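**Q** Take a look at this one; I'll ask things after.
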Amino acid sequence: MKQFDVPVFYRSPLISAIKKYRKAQDKMKRDFTPTLLDFGPLQIYLARHFGFCYGVENAIEIAFRAVEENPGKRIFLLSEMIHNPRVNEDLVTQGIRFLQDTHGKVIIPLDTLTSDDIVLIPAFGTTLAIEDQLRKKGIDVINYNTTCPFVEKVWNRAGQIAKKGYSIVIHCKPGHEETRATFPHSAAGAPAVIVNDMEEAIRLGEYITGARDFSGFAEDFKGKFSDDFDPEKDLRRIGIVNQTTMLASDTQAIADYFKSLMIRHYHLTDQTIAEHFADTRDTLCYATNDNQTAVSGMLTTNADIAIVVGGYNSSNTSHLVELCEELLPTYFIANENMILSKTEILHYDLHTKTEQLTSGYLPEKDPVKILLTSGASCPDAIVENIIQKLSVQYGVEKKIALLVNEFEQQAISE
């Protein structure tokens, strides 16, 4: 896989040594057990896969290259390049300005741009309409386009099944940057509709079977279907694609639901299924799959708590939190500064969308066992900072240098 030129301050000597060792030990990525960092009274189990993915490193490299190649020019990002506050703050310090916020609210109008300006398209991609606006202003939309290749894979897959006469059902989070880009790309080739979860999938299925009157469709899926979408006609042949960062098990369950529904409703066989349901491949990215599978492997450990690190608006990170919450007290934090002490932690609650202060988050036992992972847009340096902060609480921070050496030596011996 390509190596990217990412600023060294995002790297971590400890995490790099661990990842190098695990890669040497498990070249085929079949072992999803966590890595134990044994500090004695503190035991940290690090997920097999976590942190920057291909698309994120690609985006960061392009962004910093844009700054280097264009001294004196105005440089803009359409919206957050990735969902990590530290990375986005770093881009602002480099002089990059945001045209929209994470929700699509305009900060700087596009009509104020000129052909001399540089505009970066974020890793989530952007809409066809915005690309067209930029082109008409003479702005290059190719050279500094950081759209993740796995997001583009979804667009391509939607285009393939559209050409075969299927409508597109997109499993995604409405309003997410990636959804705002993927929906118009999908709808450009075929009728498209969004489902956020199984509840909405079942509701859509009731329109397919006739259990719901079509007159209610526009209200039920308000803002979630393409122009001129005709549920009576356009739900007869469908294919499923998804936002790359959704929970894999949810997407699979939704696809299985629609497939079985079509088989029952139209009395299909293996030979005739394609008349109403496209044989779509899973469109989750490799990192989402690997990180979710690694969390499942990590959760087999008899631990006390889990800590998940990343941006609060990061979809892939939130799904890691959901997986951990099923089994353990889980603390979703953005960085090491949220670990206030051995007794208090500030963390984000996915359900209330608020930060909460929790006391007594670390049990009084020996050893304390903590599961640790991070989202695909979180720098490894932040993960090491959290390990450092936790080790300080137990007075064992000096062992980090020893662990770096141990893993480096083990990587060489593999």
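**Q** Just to confirm a number: summing +1 for Lys and Arg and -1 for Asp and Glu over residues other than Leu350 whose beta-carbon lies under 13 angstrom from that of Leu350, what do you get?
**A** Residues close to Leu350 contribute a combined charge of -3.
**Q** Also, quick follow-up: Tell me, what % of the accessible area of the chain is carbon and sulfur with a 1.4 angstrom probe?
**A** Carbon and sulfur: 51 percent of the exposed surface of the chain.
**Q** Still on this structure, please answer the following. Among Thr209, Thr179, Thr127, which one moves the most in a GNM of the chain with springs linking Cα atoms closer than 10 Å?
**A** Thr209
**Q** Determine the relative contact order of region 79-199: mean sequence separation of Cα pairs under 8 Å and six or more apart, normalised by residue count, in whole percent.
**A** 23
**Q** Taking the Cβ of Thr179 as the centre, find all other residues whose Cβ is under 11 Å away and add up their charges (Lys, Arg: +1; Asp, Glu: -1).
**A** +1
**Q** When the chain is modelled as a GNM with alpha-carbon springs shorter than 10 Å, which of Val321, Val309, Val396 fluctuates the most?
**A** Largest GNM mean-square fluctuation: Val396.
**Q** In percent, what relative contact order does the chain have, based on Cα pairs under 8 Å that are 6 or more apart in sequence?
**A** Across the chain, relative contact order equals 22 percent.
**Q** In debye, nearest 20, what is the charge dipole magnitude of region 310-414 about its Cα centre with +1 on Lys and Arg Cβ and -1 on Asp and Glu Cβ, if you could check?
**A** The dipole of region 310-414 has a size of about 220 debye.
**Q** For the residue pair Asn289 and Arg212, what label-to-label distance in nm results when each label sits 7 Å from Cα along the Cα-to-beta-carbon direction?
**A** 3.1
**Q** Still on this structure: In whole Å, how far is the Cα centre of region 193-268 from that of region 360-387?
**A** 39
**Q** Another one. Taking the Cα centre of the chain as the origin, how large is its charge dipole in debye, to the nearest 20, when only Lys and Arg (+1) and Asp and Glu (-1) carry charge on their Cβ atoms?
**A** Approximately 680 debye in magnitude.
**Q** Separate question: Modelled label-to-label distance, Asp270 and Asn156, 7 Å Cα→beta-carbon offset: nm?
**A** 2.9
**Q** Still on this model: Taking the chain as the reference, fit the longest principal axis to its C-alpha atoms, fit the long axis of helix 177-187 to the helix C-alpha atoms, and give the angle between the two in degrees, 0 to 90, nearest 10.
**A** Around 30 degrees separate the two axes.
**Q** Once the Cα gyration tensor of region 325-414 is diagonalised, what are the square roots of 5 times its eigenvalues, in whole Å and ordered largest first, as equivalent ellipsoid semi-axes?
**A** Semi-axes from the Cα gyration tensor: 26, 17, 12 Å.
**Q** Which residues in region 67-110 have a backbone N closer than 13 Å to a point placed 7 Å from the Cα of Asp116 along the Cα-to-Cβ line?
**A** Counting backbone N atoms under 13 Å from the label point, the list is 71-75.
**Q** What percent does the relative contact order of region 1-63 come to when contacts are Cα pairs within less than 8 Å and at least six residues apart?
**A** That works out to 35 percent.
**Q** Just to confirm a number: summing +1 for Lys and Arg and -1 for Asp and Glu over residues other than Val241 whose beta-carbon lies under 11 angstrom from that of Val241, what do you get?
**A** Details: positive: Lys153, Arg157, Arg281; negative: Asp282.
So the surrounding residues net to +2.
**Q** Label-point separation (nm) for Ile263 and Leu36, each offset 7 Å from Cα along Cα-to-Cβ?
**A** Taking the simple label geometry, Ile263 and Leu36 are separated by 4.4 nm.
**Q** Please report, for the Cα atoms of region 185-325, the Rg to one decimal and the Dmax as a whole number; what are they, in angstrom?
**A** 17.5, 53
**Q** Let me ask something else about it. Sort largest first and round to whole Å: the equivalent ellipsoid semi-axes of the chain, each the square root of five times a Cα gyration tensor eigenvalue. Could the numbers behind the result be given before it?
**A** Details: eigenvalues 295, 158, 76 Å².
So the three semi-axes of the chain are 38, 28, 19 Å.
**Q** Based on alpha-carbon centroids, what's the gap between region 86-111 and region 1-61 in Å, whole number please?
**A** 29
**Q** Given the DSSP H assignment, sum -39500 (n - 2.57) over each helix run of at least 4 residues in the chain and divide by its residue total; what's the result at 222 nm in deg cm²/dmol, nearest 500?
**A** It comes out at -12500 deg cm²/dmol, rounded to the nearest 500.
**Q** So which residue, out of Asn143, Asn316, Asn242, gets the largest mean-square fluctuation from a GNM of the chain using Cα contacts under 10 Å as springs?
**A** Among Asn143, Asn316, Asn242, the largest mean-square fluctuation in the Gaussian network model of the chain belongs to Asn143.
**Q** For the Cα atoms of the chain, what angle does the longest principal axis make with the long axis of helix 399-413, in degrees from 0 to 90, nearest 10?
**A** Helix 399-413 sits at roughly 70 degrees to that axis.
The values are calculated or read from the model by the stated rules, or taken from the named source; none is laboratory data. Just so it is clear, the structure is predicted and the values come from calculations on it, not from any experiment. Virtual Cβ from ideal backbone geometry, glycine too; neighbours counted across all protein chains shown. Please note that ligands, DNA and RNA were not included when accessible areas were found on the heavy atoms of the full protein model with its side chains. Shrake-Rupley method; radii C 1.70, N 1.55, O 1.52, S 1.80 Å.
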